[in-house]
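Below is one structure, written out as structure tokens; the observations come after it.
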Amino acid sequence: MKVIYTDKQRLHRVKYEFLSGEPTPCFEKPERADMVLNAIHQHGGFTVSEPAVFGIEPMHWVHTPDYVAFLQSAWSEWEARYGDEHDASPYCFVSPRHLRHRIPKDIEGKLGYYSFDMTAAITKTSFEAIHAAMECALTGADLLVNGEKAAFALCRPPGHHAAPDLMGGYCYINNAAIAAESLRRQGKDKVAILDIDYHHGNGTQSIFYERDDVLFVSIHGDPDYDYPHYIGFDDEIGEGKGEGFNLNLPLPQGKTDWSLYGPALATALEKIRAFGADALVISLGMDTYEHDPISFFKLNRTDYAEIGRQLGTLDLPTLFVFEGGYAVDDLGYNTVAVLDGFMR
Ligand code: SP5
Ligand code: ZN
């Protein structure tokens, strides 16, 4: 299988996230990708290559122009005000939500306006990495269009929490959504996105919520008790033309092992088959692992091989887009277990 990766993505390294009441070293770090690359090289059945060059235009396919402009200028505006000692991070959010509000001129106001949490800080070189991650996903989509059966875009920072004009959950630009849109624009009439990150793909859901040409299915920790807290429930089925093209399969914290996960995966695959997808994008989060430090499912490496095998039974051109997964020591081997299970 072809893997698309570039070291440019190392340019995004955030110092802290605000978690459980204290500044914590950021779980989403460059070493995550190193561990995956390491396992990929050990496996031997992959070829790793650099992404092709794309401009920033594809960001506008799923994000608003003002949001993209904000991402580009945020660091210089922040540095002009506060210097370069700390990463640019929001502290104040839109309130009141339901009355009119406007986009403020000051960088601190803008950071809050375009964020839904405090875990997506911006550094001097973040935008280069964010752009490179999108290029990895787009290159993967092009491989499928050119006849490749499958590809793995080893993206970071991840993307599935990024909505049209919101960053959060370590995500800025929605790599999987842009890859799906690229597939749509290149002749794949129906594209399914299956999000198996532990956390609900709120950003991807919001991007495609009113569309019937891109099906979004997500298996994740029950948002009544878990991040992203306000979205990801099973009664969110899509709106307008998109009604019936959004499927959330929340599962309980703590006790979700294969006995609960397997049936949810079967439901997801059945939905994708019934949709009649021409291509499949997998938001491949590995934070469903039993030893993940911030998540609460109990999947193990054998389960990952089985997930990969079952995804293969759909027999669709499939792009894997890397999302979360924070048990760094096992992250590479778990990721390769899914891909290896798929290739068998
Ligand atoms: C891409 C991705 O996986 N983003 C996830 C961001 C989740 N951030 C908030 C996690 C909150 C976890 N709270 C439990 C703390 C355990 N000590
Ligand atoms: Zn996650």
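Laboratory data are not the source of any read-out in this text; all were calculated from the coordinates shown. Owing to the predicted nature of the structure, the values given are computational and were not obtained by experimental measurement. Neighbour counts run over all protein chains shown; Cβ positions are idealised from the backbone, glycine included.
If the label point is 7 Å along Cα→Cβ of GLN253, which residues in the stretch 283-298 have backbone nitrogen under 12 Å from it? Under cut-off, by backbone N: 294-297.
Screening the chain for whole DSSP H helices with an alpha carbon extent of at least 24 angstrom along the helix axis and a mean Kyte-Doolittle hydropathy of at least 0.0 yields 126-145, 258-275.
Volume per residue for the stretch 1-136 equals 143 cubic angstrom (convex hull of Cα atoms).
So if we plug the beta-carbon distance of GLU57 and ASP213 into 1/(1 + (r/R0)^6) with R0 = 25 Å, what FRET efficiency do we get, rounded to 0.05? It would help to have the intermediate numbers written out before the result.
Values: r = 20 Å, r/R0 = 0.82.
For GLU57 and ASP213, the calculated efficiency is 0.75.
Quick one: putting +1 on the C-beta of Lys and Arg, -1 on the C-beta of Asp and Glu, what dipole do you get for the chain around its Cα centre, in Debye to the nearest 20? Before the final figure, lay out the partial values.
Working: 29 positive and 50 negative charges, 107 e Å.
That gives a dipole near 520 debye.
A 27 angstrom limit on the alpha carbon distance is what I want to check against. Which of LYS190/LYS298; LYS29/LYS298; LYS15/LYS110; LYS29/LYS110; LYS149/LYS190; LYS188/LYS241 exceed it? Pairs exceeding the cut-off: LYS190/LYS298. How large is log10 I(q)/I(0) at q = 0.07, 0.08, 0.14, 0.15 Å⁻¹ when the Debye formula is applied to the Cα atoms of the chain, each weighted equally and without solvent? Treating every Cα as an identical point scatterer, log10 I(q)/I(0) equals -0.25, -0.33, -1.10, -1.29.
When a footprinting reagent is the concern and you count Cβ atoms within 10 Å, what order do CYS136, CYS92 take, fewest first?
Working: CYS136 28, CYS92 12.
Least crowded to most crowded, the residues run CYS92, CYS136.
What does the C-alpha gyration tensor say about the overall shape of the stretch 258-344? Classify as rounded when a/c is under 1.5, otherwise prolate if a/b is larger than b/c, or oblate. Because a/c hits 1.5 or more and a/b exceeds b/c, the stretch 258-344 counts as prolate.
Put in line by how crowded their Cβ is, counting other Cβ atoms within 10 Å and starting with the fewest, SER182, SER126 read SER126, SER182.
Among LEU144, VAL14, ALA88, whose Cα sits farthest toward the positive end of the charge dipole of the chain (+1 at Cβ of Lys/Arg, -1 at Cβ of Asp/Glu, about the Cα centre)? Sorting the options by dipole projection puts first LEU144.
For trypsin sites (Lys or Arg not before Pro), the sites in the stretch 74-122 that DSSP calls loop and that have at most 12 other Cβ atoms within 10 Å are ARG97, ARG100, ARG102, LYS105.
So if we plug the beta-carbon distance of GLU85 and PHE18 into 1/(1 + (r/R0)^6) with R0 = 25 Å, what FRET efficiency do we get, rounded to 0.05? Write out the running numbers ahead of the final one.
On the way: r = 17 Å, r/R0 = 0.68.
Using R0 = 25 Å, I get an efficiency of 0.90.
How would you classify the stretch 155-227 from its alpha-carbon gyration tensor, with a ≥ b ≥ c the square roots of the eigenvalues: rounded for a/c under 1.5, else prolate if a/b is greater than b/c, otherwise oblate? Cα axes put the stretch 155-227 in the prolate bin. Placing +1 on each Lys and Arg Cβ and -1 on each Asp and Glu Cβ, with no other charges, gives the stretch 198-344 a dipole about its Cα centre of roughly 380 debye.
Roughly how big is the stretch 130-213's charge dipole about its Cα centre, with Cβ charges of +1 (Lys, Arg) and -1 (Asp, Glu), in debye to the nearest 20?
Details: 7 positive and 11 negative charges, 31 e Å.
Once rounded to the nearest 20, the dipole reads 140 debye.
Distance between the 7 Å Cα→Cβ label points at HIS41 and VAL94: 4.5 nm. Residue order for ILE207, ILE56, ILE130, ILE40, fewest other beta carbons within 10 angstrom first, comes to ILE56, ILE40, ILE207, ILE130.
Inter-label distance, ASP235 to THR313: 3.2 nm, where each label sits 7 Å from its Cα along the C-beta direction. Between ASP7 and VAL328, the contour length at 0.36 nm per residue exceeds the Cα-Cα span by 113.8 nm.
With contacts defined as alpha carbon pairs under 8 Å and 6 or more residues apart, what's the relative contact order of the stretch 1-70 in percent?
Relative contact order, the stretch 1-70: 39 percent.
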